[in-house]
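*Asks:* I am attaching a structure below and will ask some questions about it afterwards.
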Amino acid sequence: KRGCFQTLKIRRIVLYLYIETLKQRLDAINQLRVDRAVVAQGPAFQQVYSLLPVLLHHHYPQMPGYLEGKVPHGVCIFTPDESQQAWLDDLVEKGGRPIDPTVEGELPITGVYSMGSTSSIGQSQTSDLDIWVCHQSWLDNEERNRLQQKCLLLEKWAASLGVEVSF
């Protein structure tokens, strides 16, 4: 019995490592697709695409998409990359209030996904961005409405840069 138990335990470990390897490979392929999609677009598209997660993660008056009052913000497991952090640091240097690098507690936004033609063969210079903002089920109607208002403001901001975004 002990030998069978050890064999099962080893198989579980091997399977776990195999699944982790596959997940890493999938993440690498996805990142390559995103990199190719962004490089093929202009600077305005690149800026909007890069900043959307930051603008949904933080909510400050000096940022596009800001509206008064309590607005759900904070994306689960999100950490700004170097260029996003540089943009945040630049906001503070220009006189904005310091931005808290960590958002505490259970965050209301569970994911931000680019859908549609982004990084597909159908993407072109005139492609728009279709963004899904997935949120926790515990957001009430008022919170969902406020998040939707923030997204509408982000659409207007992107449009002012010549980039069409739909949330």
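The values are calculated or read from the model by the stated rules, or taken from the named source; none is laboratory data. Note that the structure is a prediction, hence the values are computed from the model and not measured. Glycine also receives a Cβ, built like all others from the backbone with ideal geometry; neighbour counts cover every protein chain displayed. Heads up: the accessible areas ignore ligands, DNA and RNA and are worked out on the full protein's heavy atoms, side chains in. Shrake-Rupley method; radii C 1.70, N 1.55, O 1.52, S 1.80 Å.
*Asks:* Take region 1-51, compute every pairwise Cα distance, and split them into 5 Å bins from 0; I just need the percent in each bin.
*Replies:* Calculated P(r), rounded to whole percents: 4, 18, 13, 12, 10, 8, 9, 7, 6, 6, 4, 3, 1.
*Asks:* Out of Met63, Met115, Leu32, whose Cα points farthest toward the positive end of the dipole of region 25-115 (charges: +1 Lys, Arg; -1 Asp, Glu; placed on Cβ)?
*Replies:* It is Met115, whose Cα lies furthest towards the positive end.
*Asks:* Would you check the accessible area of Arg25, probe 1.4 Å, heavy atoms only, in square angstrom rounded to 10?
*Replies:* 150
*Asks:* Calculate I(q)/I(0) for region 1-91 by the Debye formula, one identical point scatterer on each C-alpha and no solvent, and give its log10 at q = 0.11, 0.18 Å⁻¹ to two decimals.
*Replies:* -0.54, -0.93
*Asks:* With a 1.4 Å probe and every protein chain left in place, tell me how much accessible area Tyr16 has, in Å² to the nearest 10.
*Replies:* Spelled out: Tyr16, probe radius 1.4 Å, area about 130 Å².
*Asks:* Just reorder His57, His135 by solvent-accessible area, largest first, 1.4 Å probe, all chains present.
*Replies:* Ranked list, largest accessible area first: His135, His57.
*Asks:* On to the next question. What does the charge count near Arg146 come to, summing +1 for each Lys or Arg and -1 for each Asp or Glu among other residues with Cβ under 13 Å from its Cβ?
*Replies:* Values: positive: Lys70, Arg144, Lys150; negative: Glu68, Asp140, Glu142, Glu143.
Around Arg146, the charge tally is -1.
*Asks:* Still on this structure: Go ahead and estimate [θ] at 222 nm for the chain from helices alone: -39,500 (n - 2.57) per DSSP H run with n ≥ 4, summed, over the residue count, rounded to 500.
*Replies:* -17500 deg cm²/dmol
*Asks:* What percentage of the solvent-accessible surface of the chain, computed with a 1.4 Å probe over protein heavy atoms, is contributed by carbon and sulfur atoms?
*Replies:* Here it works out to 57 percent.
*Asks:* Follow-up. Taking GluC sites (Glu not before Pro) that fall in a DSSP loop and have at most 10 other Cβ atoms within 10 Å as cut points, what is the longest piece of the chain between them?
*Replies:* Values: sites that count: Glu68, Glu104, Glu106.
The longest such stretch corresponds to 1-67.
*Asks:* Okay, next question. Write down the radius of gyration of the chain and its Dmax, each obtained from C-alpha positions, in Å.
*Replies:* Expressed in Å, the Cα Rg and Dmax of the chain come to 19.7, 69.
*Asks:* Using the Cα centre of the chain as the reference point, and only Cβ charges (+1 on K/R, -1 on D/E), how large is the resulting charge dipole? Debye, rounded to the nearest 20. Display every interim value, and only then the final one.
*Replies:* Values: 16 positive and 19 negative charges, 233 e Å.
Dipole size: approximately 1120 debye.
*Asks:* Now for a separate question. Would you mind calculating the relative contact order of the chain from Cα pairs under 8 angstrom and at least 6 residues apart, reporting the percent as a whole number?
*Replies:* On the way: 164 pairs, mean separation 40.7, N = 167.
So the answer I get is 24 percent.
*Asks:* Continuing with this model, one more query. Can you tell me the accessible area per residue over the chain, all protein chains present, probe 1.4 angstrom, in square angstrom?
*Replies:* The answer is 66 Å² per residue.
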